[in-house]
Amino acid sequence: MKYKKWNDREKQYILDNHELMTDKEISSELSQMNSENITTQMVRRQRVKLDVKKPRGRPTKKNRVLTTEK
């Protein structure tokens, strides 16, 4: 796996959106923002380094917020 130097903006994006979005959605958005391939595993690893934990289990529909910003 390729090493990635995460900048502050990317780290903040993960911190701000980890409760609202899946790691897959975050990786997709970061890939589009930076024009580079960021995988789900890279986001998951960075989230663990930032000591950000996702709730266990499946998200319920009422807790899931869909973002439409582009």
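Can you give me the relative contact order of segment 1-57 as a percent, contacts being Cα pairs under 8 Å and 6 or more apart? Let's see the in-between values first.
Working: 30 pairs, mean separation 18.5, N = 57.
In percent, rounded to a whole number, it is 32.
What does the extension gain come out to for Val52 and Lys4, with contour length at 0.36 nm per residue minus their alpha carbon separation?
Residue separation times 0.36 nm, minus the Cα-Cα distance, leaves 15.4 nm.
Since every read-out is calculated from the coordinates, none of them should be taken as a lab result. What you see is a predicted model, and the numbers here were worked out from it, not measured in a lab.
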